[in-house]
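K.L.:
Structure incoming, see below.
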Amino acid sequence: AGNRITCLNLDREGALEWNFPSKDEEGEFDRQKWSFEGPPLADRDGVYVVMRRGAMQAISYVACLDLQTGKLRWRQEVCRANTPAGGARNEITHTLLTLAEGHLYLNTNLGVVASLRTQDGKLRWAYRYVRAQADAGTNLPSHFRRGLNPCVVVRGVVVVAPRDSPSLLAFDAHTGHLLWKSAPLTSAPIHILGVAGDMVLATGE
C-alpha cells in the first residue's frame with residue numbers, strides 16, 4: 001500500500017493538484033496489487049508511467065494519466081513473463097519509458113521491447129527477443145546487474161541493453177524491425193550512455 005503518484009503545483013508553493021490513485025480508488029488499487037515501476041514522463045497532453053502486476057510472473061503495462069486531473073486515460077498491457085530470476089532471487093525493478101516524437105518506447109526486461117502511441121496507448125510494434133535464463137544456483141551473469149536501462153532513441157533508431165540479454169539490440173523506431181544485434185557483452189554490466197555521430201557510447205565496470 002502507498003504506491004502513489006502525486007502532482008504538485010510549483011506556482012502555488014507546492015499545493016497538491018492530484019493523486020493517482022485518488023482517495024476513493026486507493027483500496028481497489030491496492031487489492032489488485034498494482035505498482036509503479038519508476039518515475040513517470042510527461043508532455044503537454046499526459047503523464048505516462050510503467051505499471052506492473054504480479055511477482056514471479058510479471059504483467060507489464062503502460063498507463064497514461066490526464067495531466068490536469070490525474071484521471072486514468074488509458075492503460076495498455078505490453079507483455080507478461082517470468083522475471084529474469086524467475087522468483088529465485090529478490091529483484092527490484094525500475095522500468096523506465098522513453099518519449100520521442102510523440103511515441104513511447106519501452107524496454108520491459110521481460111523479453112519484449114515495444115512502442116506505443118501516446119494518444120491512445122495502442123501498440124505500434126512489439127519485438128520479442130531470445131532471453132537469457134538465470135540459474136538460481138550460480139552467480140548471475142553481469143548483464144543481469146544492469147540497472148536503469150531505458151531505450152535510447154536517436155534518428156529513427158532505438159538502442160537498448162536489456163537485463164535478460166547479453167547483447168545490445170537496435171530497432172527501426174517506426175517498424176520495430178531488428179537492425180542489428182551486438183556480440184554478447186559479458187565482461188561487465190554494460191550501460192548505454194548515448195549516441196554520438198554513428199557510434200553508440202556505453203560504459204561498464
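K.L.:
Looking only at residues in segment 41-58 that are free of Cβ contacts under 8 Å to residues at least 40 places away in the same chain and open to solvent by 40 Å² or more (accessible area, probe 1.4 Å), which one is farthest from A126 (Cα to Cα)? Break it down into steps so the answer makes sense when it comes.
P.N.:
At the first step, the residues of segment 41-58 found to be free of Cβ contacts under 8 Å to residues at least 40 places away in the same chain are 42, 44, 51, 53-57.
Those still in the list that are open to solvent by 40 Å² or more (accessible area, probe 1.4 Å) too: 42, 44, 53-57.
Details: A42: 22, R44: 26, R53: 19, G54: 21, A55: 22, M56: 22, Q57: 19 Å.
The extreme case among them is R44.
K.L.:
So, one more: I'd like the full set of residues that are of a type in the set (V, I, T) and either part of a loop (DSSP other than H, G, I, E, B) or within 11 Å of the chain's Cα centre (by Cα) (or both), limited to segment 38-58.
P.N.:
Applying the first criterion (of a type in the set (V, I, T)) to segment 38-58 yields 47, 49-50.
V49, V50, listed by residue number.
K.L.:
Moving to a separate point now. For the subset of segment 9-37 comprising residues that are part of a strand (DSSP E or B), surrounded by 12 or more Cβ atoms within 10 Å (Cβ to Cβ) and among the polar types (S, T, N, Q), which member is farthest from the chain's Cα centre (by Cα)?
P.N.:
In the first step, residues of segment 9-37 are kept if they are part of a strand (DSSP E or B); the result is 9, 15-20, 35-36.
Retained after the next criterion (residues that are surrounded by 12 or more Cβ atoms within 10 Å (Cβ to Cβ)): 17-20, 35-36.
Going one step further and asking which of them are among the polar types (S, T, N, Q), we end up with 19, 35.
On the way: N19: 21, S35: 13 Å.
The extreme case among them is N19.
K.L.:
If you don't mind, another one. Quick one: what pairs do we get from segment 1-27, first residue at pLDDT 95 or above, second part of a helix (DSSP H, G or I), C-beta under 7 Å, 6+ apart or different chains?
P.N.:
Close Cβ pairs satisfying both conditions: P21/F29.
K.L.:
I would also like to ask the following. Could you tell me whether T98 is among the polar types (S, T, N, Q), in contact with a Pro (Cβ under 7 Å, 6 or more places away or on another chain) and touching a residue at least 40 places away in the same chain (Cβ under 8 Å)?
P.N.:
On the way: among the polar types (S, T, N, Q): yes; in contact with a Pro (Cβ under 7 Å, 6 or more places away or on another chain): yes; touching a residue at least 40 places away in the same chain (Cβ under 8 Å): yes.
For T98, the condition - among the polar types (S, T, N, Q), in contact with a Pro (Cβ under 7 Å, 6 or more places away or on another chain) and touching a residue at least 40 places away in the same chain (Cβ under 8 Å) - is met.
K.L.:
Can you tell me which residues in segment 174-205 are polar (S, T, N, Q), in a loop (DSSP other than H, G, I, E, B) and within 16 Å of G147 (Cα to Cα)? Show your work before the answer.
P.N.:
Taking segment 174-205 as the starting set, the residues that turn out to be polar (S, T, N, Q) are 175, 182, 186-187, 203.
From what is left, the residues that are in a loop (DSSP other than H, G, I, E, B) are 175, 182, 186-187.
Answer for segment 174-205, where residues must be polar (S, T, N, Q), in a loop (DSSP other than H, G, I, E, B) and within 16 Å of G147 (Cα to Cα): T186, S187.
K.L.:
Can you confirm whether segment 144-158 contains a residue that is in contact with a Lys or Arg (Cβ under 7 Å, 6 or more places away or on another chain) and farther than 24 Å from A42 by Cβ? Please lay out each step first, then the result.
P.N.:
Going through segment 144-158, the residues in contact with a Lys or Arg (Cβ under 7 Å, 6 or more places away or on another chain) turn out to be 144, 146, 149.
In the following step, the residues that additionally are farther than 24 Å from A42 by Cβ were identified as 144, 146.
Yes: one or more hits.
K.L.:
Here is a further query. Filter segment 171-199 down to the residues that are buried (at least 18 other Cβ atoms within 10 Å of the Cβ) and among the aliphatic types (A, V, I, L, M) and list them by number.
P.N.:
Filtering segment 171-199 for residues buried (at least 18 other Cβ atoms within 10 Å of the Cβ) gives 171, 173, 189-190, 192.
Of everything in segment 171-199, those that are buried (at least 18 other Cβ atoms within 10 Å of the Cβ) and among the aliphatic types (A, V, I, L, M) turn out to be A173, I190, I192.
K.L.:
Within segment 154-165, which residues are within 19 Å of A196 (Cβ to Cβ) and either in contact with a helix residue (DSSP H, G or I) (Cβ under 9 Å, 6 or more places away or on another chain) or open to solvent by 10 Å² or more (accessible area, probe 1.4 Å) (or both)?
P.N.:
Step one: filter segment 154-165 for residues within 19 Å of A196 (Cβ to Cβ), giving 154-161.
Passing the criteria: V154, R155, G156, V157, A161.
The values are calculated or read from the model by the stated rules, or taken from the named source; none is laboratory data. Just so it is clear, the model here is predicted, and its values are computed rather than measured. Because the Cβ atoms are built from the backbone with ideal geometry, glycine has one as well, and the counts that use them run over all protein chains shown. Only protein heavy atoms, including side chains, enter the accessible area calculation; ligands, DNA and RNA are left aside. Shrake-Rupley method; radii C 1.70, N 1.55, O 1.52, S 1.80 Å.
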